[in-house]
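To start, the structure itself, in structure tokens.
The values are calculated or read from the model by the stated rules, or taken from the named source; none is laboratory data. Bear in mind that the values here come from a model prediction, so they are computed numbers and not experimental data. Cβ placement follows ideal geometry from the backbone for every residue including glycine, while neighbour counts extend to all protein chains displayed. What goes into the accessible areas is simple: the full protein's heavy atoms, side chains included, and nothing from ligands, DNA or RNA. Shrake-Rupley method; radii C 1.70, N 1.55, O 1.52, S 1.80 Å.
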Amino acid sequence: MAANSFMVPLGTPAPAFDLTAINGGSVSLADLKGSPATLVAFLSNHCPYVRHIESGLGVLAADYGARLSIVAICSNDSVNYPDDDPTHLAEQAARARFTFPYLLDDTQEVAKAYRAACTPDFFLYDAQFRLVYRGEFDGSRPGNSLPVTGSSLRAAVDALLDGDPVPEEQTPSLGCGIKWKPGNAPA
């Protein structure tokens, strides 16, 4: 079932995290300090909305390089959704040419802290880890025949990197609802 972003208030500080990466090791929010822009993307492997844009996200990461720190987080229940287990996430990362860490939120506490609602769900932060954008990758959706360009997210990243205000008019992301473990869904 499709779900929209909660549209967390702009200016909200990024919640801290320290999560295990799919290829081992861990990554924390503090590890991203010093970047002029940080993107936290909640993704999954099984969701058709994520599959639709995943290669475009890989291209976006390559285009911005070191100017944009990116981490992807999968918070889905991988027991009931095994396509979102670490092995399948690694296959997705290779398929989409992700060059950024892909992290596991097994407790789902990070998704709750960010108020992530769906996959994909994007949160863009400035150098002080204040939220400047939350919303869609672009207007493309599975079946609507619009090209995947990342135009909405790119416009926000460009404005941030250029020192311009990021427009406050933002379209929520649309995707598959996060697959919460039984009894774990936010109230």
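Could you give me the ³J(HN,Hα) list for the stretch 141-158, computed from phi with Karplus coefficients 6.51, -1.76, 1.60 and θ = phi - 60°, whole Hz, x at Gly and Pro?
With the stated coefficients, the stretch 141-158 comes to 9, x, x, 9, 6, 7, x, 7, 10, x, 4, 5, 5, 4, 4, 5, 5, 4 Hz.
Determine the share of the chain's accessible area contributed by carbon and sulfur atoms, expressed in whole percent, with a 1.4 angstrom probe.
Working: 4500 of 8410 Å².
In the chain, the share of accessible area belonging to carbon and sulfur is 54 percent.
Around Ser69, what is the net charge, scoring Lys/Arg as +1 and Asp/Glu as -1 over all other residues with Cβ under 12 Å from its Cβ?
Working: positive: Lys33, Arg67; negative: Asp31, Asp126.
Residues close to Ser69 contribute a combined charge of 0.
For the chain, set up a Gaussian network in which alpha carbons nearer than 10 Å are linked by springs, and say which option among Tyr125, Tyr64, Tyr49 fluctuates the most.
Of Tyr125, Tyr64, Tyr49, the Gaussian network model singles out Tyr64 as fluctuating most.
Using alpha-carbon positions, what is the distance between the centroids of the stretch 106-165 and the stretch 38-104, in Å?
13
If the only charges are +1 at each Lys and Arg Cβ and -1 at each Asp and Glu Cβ, what is the size of the charge dipole of the chain around the Cα centre, to the nearest 20 debye? If you can, show how the numbers build up before the last one.
Values: 13 positive and 21 negative charges, 22 e Å.
Here the chain has a charge dipole of around 100 debye.
With the dipole of the chain worked out from charges on the C-beta (+1 for Lys and Arg, -1 for Asp and Glu) around the Cα centre, which of Ser35, Leu89, Ser151 lies farthest toward the positive end?
Final value for the positive-end residue is Leu89.
Where Lys and Arg each count +1 and Asp and Glu each count -1, what net charge lies around Asn45 among other residues with Cβ under 10 Å from its Cβ? Show your work: numbers first, answer last.
Details: positive: Arg51, Arg95; negative: Glu54, Asp83, Asp84, Asp85, Glu91.
Result for the local shell: -3.
Enumerate the amide H contacts of Thr12 below 5 Å, restricted to partners 5 or more residues apart or on another chain; note that Pro and chain-start residues carry no placed amide H.
Correct list: Leu131.
Take every Cα-Cα distance within the stretch 2-177, group them into 5 Å bins from 0 onward, and report for each bin the whole-number percent of pairs it holds.
Pair shares across the bins are 1, 9, 19, 24, 23, 16, 6, 1, 0.
Roughly how many nanometres apart are two label points built 7 Å out from the Cα toward the Cβ at Ala187 and Glu168?
Going from the Ala187 label point to the Glu168 one covers 3.1 nm.
Using +1 at the C-beta of Lys and Arg and -1 at the C-beta of Asp and Glu, which of Ala116, Ala127, Thr12 has the Cα lying farthest in the positive direction of the dipole of the chain?
Positive-most Cα among the choices belongs to Ala116.
Normalised by the number of residues in the chain, what is the relative contact order in percent for Cα pairs under 8 Å and 6+ residues apart? Display every interim value, and only then the final one.
Values: 387 pairs, mean separation 61.0, N = 187.
It comes to 33 percent, rounded to a whole number.
Under 17 Å Cα-Cα from Lys181, which aspartates and glutamates qualify once same-chain neighbours fewer than 8 residues away are excluded?
By straight Cα distance, Lys181 reaches Asp77, Asp83, Asp84, Asp85, Asp105, Asp106, Glu109.
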